[in-house]
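This report refers to the structure that appears directly beneath it.
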Amino acid sequence: MTSLYAIADGKLRPAVRRALSKESMIEDWVAADPALLGLDALIIGRQVPTDHGKFIDLLALDATGGLIIIELKKDRTPREIVAQVLDYASWVHTLSTPEIYDRAEKYLGNRLVTAYRERFGEGIPERLNATHSMLIVASELDPASRRIVEYLSEEHGVAINTVFFNVFEADGREWLTTDFLLDQEAVEERSERKVRAPWSGYFFVNAGLGEHRSWTDMRRYGFISAGGGDFYTKRLQQLTVGDEIFVYDKGNGYIGYGVVTSEAQPAAEFVTPEGPLFDQPLAEPRFKRLGEPLEHAEHVVGVDWRKTVETNHAKRFKGAFANQNIVCKLRDEATVDFLLAEFGVVKRV
C-alpha cells in the first residue's frame, strides 16, 4: 500500500488517505494529460460509443499507432469493470485506420495527422491499431479481479494492466499518487511477443534532447540519459554492459550507434575519462539542474559511441520504427537493416 508523508520542521507528518469526492475528476485530469498515468499518448475520444451500446471512458493513441482503452471504475464493482474493458477491446480491435481517423477528428476538432505531429513530433504511422492495450483506473481491485488481470497478462500475453490512484490529505492540502498493479514494461514485452517480430538484439533509445539535454555533451562524454522519476529511469535499467544501441532524436531520426559501457546511475555520480560529469564544461550546463530533487534525478548510462551524426543529419526513412519509450527492443526488420547500413554496423549473427 502506498504511504505519503509531509515533511514539516524536520519531522514526518503522515498524510491521511481518503476517497476522492468525484471520481469523474480523474477522467477530466487524464483527458487533459494522460502522463498522469505514465502514458505518452494522445487522447482521441471520450465517452466513445461502441457498436454494443456501451461507452469507453477514454480512447488514446500511442506513438506506434496503437490504441489504448482507458476505463475508470466509477460506480461499478471491480469484477464488472474487468469484464467491461475486455468487451470494449473486442470491439476496438475491429476498428480500421479510416474509422479511427473519423472518430478522432470529430473529437479533436482537428486533423489527426496534425494533432499527432504536435503531440509526438513526427509523422503518424500509415497503419493504426496494429496493437491495442487496456488500462483500468481504480482506487482498488478485489483479489479475484487482480488474479484475472495477472492471469490474462502473465499467462496469455494480453496487454492489460491496472493503475491505482490514491488521494491523501494533510494540513489542508491534497495529493494524488498513481501505481501500476503490474510492471508496465513487462506487460508490453509479453504482449509484443504475440504480435511482433523477434528481437533483433539491438536496443532503441530515445535521446530526449531538448531544453536541458545536449547531444554535444552526450557524444563528448559518452552517455545517454533520462530522468523525472522511476517510470523513466527504470527504462534505462534495461541496458547492461555490452548492449548495442541505436539512439533516436524525436522528430528527426536516428543519430548514433554505440555500445553500453556502464549501467544506469545518477548523473551526479557519473565519471567520464576527464573526471566527474558535473565538473566538466558542459555545452548545456542546465543539465546539472536535473540532478535535483533526488527522486526525479537524471540518470545516465555510459556509452562507447561507434558512429554518430549531428541532429540535422539524422538517419530516417518513411515508416522507420519510432517509439515513445526511453528504451525498447528493436524488432522492425526494415529499420534494423537500414540502421546497420547507415551506421556501418556488422549484423548480429
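The values are calculated or read from the model by the stated rules, or taken from the named source; none is laboratory data. On a predicted model such as this, the values are computed, not experimentally measured, just so you know. All Cβ positions, even for glycine, are placed from backbone atoms using ideal geometry, and neighbour counts span all protein chains on display.
Within the stretch 128-150, restricting attention to residues that are small (Gly, Ala, Ser) and in a loop (DSSP other than H, G, I, E, B), which residue is modelled with the lowest pLDDT?
It comes out as Ser139.
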Handout entry: Members of the stretch 249-273 found to be touching a Lys or Arg at 6+ places or on another chain (Cβ under 9 Å) and not polar (S, T, N, Q), listed by number
Key = Gly251, Gly253, Tyr254, Ile255, Gly256, Tyr257, Gly258, Val259, Ala264, Ala267, Ala268
Fill in the blank from the handout: Of Leu86, Leu59, Leu39, the only residue that is of a type in the set (A, V, I, L, M), at pLDDT below 95 and not in a helix (DSSP H, G or I) is Leu39
Handout entry: Verdict on Gly275 being exposed (fewer than 14 other Cβ atoms within 10 Å of the Cβ), out of contact with any Ser or Thr (no Cβ under 8 Å at 6 or more places or on another chain) and under 22 Å from Arg331 (Cβ atoms)
Key = no
Problem - Residue, farthest from Asn129 (Cα to Cα), within the stretch 159-189, restricted to residues that are assigned to a strand (DSSP E or B) and among the aliphatic types (A, V, I, L, M) - result: Ala170
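Condition test on Phe270, is it in contact with a His (Cβ under 8 Å, 6 or more places away or on another chain), buried (at least 18 other Cβ atoms within 10 Å of the Cβ) and of a type outside the set (Val, Ile, Thr)?
no
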Handout entry: Odd one out for Leu58 among (1) touching a residue at least 40 places away in the same chain (Cβ under 8 Å); (2) in contact with a Lys or Arg (Cβ under 6 Å, 6 or more places away or on another chain)
Key = (1)
Completion exercise
Flagged pairs (Cβ under 9 angstrom, 6 or more apart or on separate chains; first in the stretch 320-349, free of Cβ contacts under 8 Å to residues at least 40 places away in the same chain; second of a type in the set (Val, Ile, Thr)) are Leu340/Val346; Lys347/Val336
Practice task
Would you mind stating whether Phe287 is modelled with pLDDT under 95, out of contact with any His (no Cβ under 9 Å at 6 or more places or on another chain), assigned to a helix (DSSP H, G or I) and of a type outside the set (Asp, Glu)?
Solution key: no
Practice task
Check Thr94 against each of (1) modelled with pLDDT of 85 or more; (2) surrounded by 14 or more Cβ atoms within 10 Å (Cβ to Cβ); (3) in a loop (DSSP other than H, G, I, E, B) and name the one condition it does not meet.
Solution key: (2)
Practice task
Sort through Lys347, Lys329, Lys315, Lys307 and tell me the only one that's surrounded by fewer than 14 Cβ atoms within 10 Å (Cβ to Cβ) and under 18 Å from Asn206 (Cα atoms).
Solution key: Lys307
Exercise for the section: Looking only at the stretch 108-120, decide whether some residue is part of a loop (DSSP other than H, G, I, E, B), under 28 Å from Gly319 (Cβ atoms), acidic (Asp, Glu) and assigned by TED's automatic domain parsing to the domain that holds Ile26. Expected result: no
